[in-house]
Amino acid sequence: MKIKSKLLMSCSLAAAALLSIAATDPVLMTVAGHDVRLSEFNYLYNKNSQQQIEQEPLDRYVDRFVVYKLKVADALAAGIDTTDAFRTEFEGYRNDIIGPFLVDTTVIEDLARDIYSRYTRNVNIDHMMLPSGKSFEQQQRQLALMDSLRNVIIAGEPWDSVAVHYSSDPSVRHNKGHYGYINAGVFPTAFEQVAFDTPVGEISKPFATRYGIHMVRVNATRADEGQVLTAHIIKMFFDDRSDSIKQVMRHELDLVYDTLKAGGDFAELARRNSDDLQTRYKGGVLPWFGRGRMVPEYEDRAFAMQVGDISEPFESPYGFHILKKLDARPTQDYASMRENLIKIIKEDEQLKGTPRAAVIERMKKQYGFKWNSDLDRYLNKLLASTTYNETFLNTVLKNSKQEVCSFAGRKLTVADLSSHLSPAPISDPTAAATYIKETLVDAADNAVMDHYSANIVNDNEDFRNLLGEYRDGMLLFEISDRRVWSGAQTDTIGLRQYYEANRDKYRWTAPRFKGIILSATNDSVLGLVKNELTDMRAAGLPMDSITMKLARSHGRLIKMDRMTVAQGENKLADYLCFDVPRGEMPYKNYTEAMVIDGGLIDQPQSIADVRGRVTSDYQDVLEARWIAELRAKYPVKINNKVLKSLKTGK
């Protein structure tokens, strides 16, 4: 029987122009009143060519394409596209595929390569942080304060003195705002982006993350040293860091180190002596790490040592260690990291908006987006004599007809976008105007994206073709099932008449076994079955009743298979009926088998013995009848001028 497929025909003959396309896209053909434009045909023809070893002649493809569109037209005439089941599945597929069309894949690739470039180097930075505040107004003040601190440092004030006095970074107590070298993948993306993009010797402008307001100075850069794999044995400080405790711990590790020098097994000694419960039972092995992931005392030794070397005991803020360097590897290449980098982009709150923003900017151009240049003056005038708060939002902005922007024949007002504004009060007029403007900008961008999403089938040819291909595939699947696949199985009279008229076509050249084979878990069970069979046959029970009784009596101790097979098609039949030496039994836990019904037959006894072949052939008959009916029922008009230009490429 033929395989059913929603994307039928391996050459993917499926598409539909869901709405009218540009006038520069001529109609190639009209099938049953439905126009097929050149862009749709080209999409499918090119896809077909890529899937073929040898390119199919255009005329042959055109003929098959017409047949396909005739079948789709028949499905539409049958109202398949109006059913709830069709609409639900189609809308679900649309939602599944729309995501990649709402982002710019080129931008994603550029971002991934940009992030990768950070993994190839380390930067030496100084850092300062301020709390961001609880409101937009407070954040603006903190940004202004940080900018003032920047100017003070540029004027000559030492970084560490300013950091110690102002920075809210807890680490400033011991590092005075000097971080040293950092590598990628450790800090938030927004922080890393500034740290790695700021030129050496310069101070970044203040910037915000969800942790606060930041400023960094880049002192130097170097190539990344890759990663190392290490194991350690540690005696941890816990709560007591007194000199006497340190002396005892150091002595204990000196004894372990002496054992290692004498040939002791590092992993075993780690299991017996290390205080690190997470690694001791793994032989002290830590995960791979790069620069910036460990305390300097540990990290510097790990990168300086040779693979296989074991360090003397040394102290870190966590305790005393003995370190063994197990392996080292360079920075991974881009291809190896690409998948993880793209995952970072999709999950990062800042980065994932960038590919979307690129699409928004492209659609703004396509839609003729215009920003109202008078909006700033309007907002400043409104706020000159009042304070931004919930009352102002509800009584003024939510009723304002002031235009914000226009695109695609639409005009959006302040009132249209006011639902995006927060009622939190802002006392400073300038800060309030900045907040309102920034919020309206974001809201306008979202409106552009919403319009694009709703109209993407018109505005994006690739999406239109992909969605149309699936739509027609769904229609073809359902109509083919009705007319051919299920039709061949439900038309029992026609199927039998076809078989009777073509019996000779289904004659066998070798005998088949037809019957039931029973497998048993052991010979004792098989013996019981044989005795029961004798009694039930003597009682004249039909085979269906016999198999039901055996199944109830023995359950999973037996297994029964009904089959019609030739030699070589079933191991049990080969052994029991075709004198093939017994090999491995096909079913695990079933060691014995016997025929409980049937035997060898030379030719089919009924259509049931060859139903699969007959049904498949009868489907071909129904398919041919259906196509003839479609050609007679629906008109097809081909624009020979467009087709000729397609053939000649002119």
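Rule-based calculations on the coordinates, nothing more; no lab input. Model, not experiment: these values are computed from the prediction. Please note: Cβ atoms are built from the backbone with ideal geometry, for glycine as well, and neighbour counts cover all protein chains shown.
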The set of residues whose placed amide H lies less than 5 Å from the amide H of Tyr388, leaving out same-chain residues fewer than 5 positions away, is Ile426
Provide the gained length on full extension for the span Arg362 to Val441, in nm with one decimal, where the gain is 0.36 nm per separating residue minus the Cα-Cα distance.
26.9 nm
Which value, in Å³ per residue, describes the convex hull spanned by the Cα atoms of the range 207-304?
180
Computed for the chain: size of charge dipole around the Cα centre, +1 on C-beta of each Lys and Arg, -1 on C-beta of each Asp and Glu, debye to nearest 20, value 1760
Hey, which of these cross-link pairs are over 31 Å Cα-Cα: Lys343/Lys401; Lys346/Lys437; Lys47/Lys633; Lys69/Lys343; Lys514/Lys588?
Lys343/Lys401; Lys69/Lys343
Segment Gln605-Thr24, length gained on full extension (0.36 nm per residue, minus Cα span):
202.9 nm
Between Asp450 and Asn640, what is the label-to-label distance in nm when each label sits 7 Å out along the Cα-to-Cβ direction?
5.2
Among the range 313-331, those whose backbone N falls under 18 Å of a label point 7 Å along Cα→Cβ from Gln247 are 315, 320
Isotropic mean projected area of the C-alpha convex hull, the range 26-69 (nm²):
3.0
Taking only Cα atoms, what is the 0 to 90° angle, nearest 10, from helix 243-261's long axis to the longest principal axis of the chain?
50
Binned at 10 Å from 0, what are the whole-percent values of the Cα-Cα distance distribution for the range 557-601, short to long?
25, 62, 13, 0
Tell me, what HN-Hα J-couplings in whole Hz come from the Karplus equation 6.51 cos²θ - 1.76 cosθ + 1.60 at θ = phi - 60° for each residue of the range 523-535, using x for Gly and Pro?
6, 5, 5, 4, x, 4, 4, 4, 5, 5, 4, 4, 5
Over the chain, what is the mean sequence separation of C-alpha contacts under 8 Å (at least six apart), divided by residue count, expressed as relative contact order in percent?
18
Assuming R0 = 41 Å, what is the FRET efficiency of Ala415 and Arg113, from their Cβ-Cβ distance, to the nearest 0.05?
0.45
What translational diffusion coefficient, in µm²/s and rounded to a whole number, does the Stokes-Einstein relation yield for the range 540-650 at 25 °C and a viscosity of 0.890 mPa s, taking the hydrodynamic radius as the Kirkwood radius over Cα pairs?
125
Counting only residues 5 or more places away or on other chains, whose amide H sits under 5 Å from the amide H of Ala328 once H atoms are built in the peptide plane?
Leu229
Under the 0.36 nm per residue contour assumption, what length would be gained going from the current alpha-carbon distance of Leu277 and Thr509 to full extension?
76.3 nm
If one compares the long axis through the Cα atoms of helix 38-51 with the longest principal axis of the Cα atoms of the chain, the angle in degrees, nearest 10, works out at 80
In degrees, nearest 10, the alpha-carbon axis of helix 136-154 is tilted away from the dominant principal axis of the alpha carbons of the chain by 60
Per residue, how much space in cubic angstrom lies within the convex hull of the C-alpha atoms of the range 386-470?
102
Spatially close lysines, pair count over the range 184-329: Cα under 23 Å, gap of eight or more or interchain:
12
Sites Thr354 and Ser135 - FRET efficiency at Förster radius 30 Å, r taken between beta-carbons, to 0.05:
0.70
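Which order do the peptides 223-235, 445-457 come out in when sorted by mean C-beta neighbours inside 10 angstrom, highest first?
223-235, 445-457
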Relative packing of peptides 66-74, 327-335, 405-413, 268-276 - highest average C-beta neighbours within 10 Å first
66-74, 268-276, 405-413, 327-335
Work out the FRET efficiency for Arg631 and Gln567 from their Cβ-Cβ distance, taking R0 = 41 Å, and round it to the nearest 0.05.
0.35
If each Cα of the chain is one equal point scatterer, what is log10 of I(q)/I(0) from the Debye formula at q = 0.05, 0.09, 0.10, 0.11 Å⁻¹?
-0.53, -1.04, -1.08, -1.14
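So for the range 239-370, considering every pair of alpha-carbon atoms, how many percent are separated by more than 24 Å?
Above the 24 Å cut-off, the range 239-370 has 51 percent of its Cα pairs.
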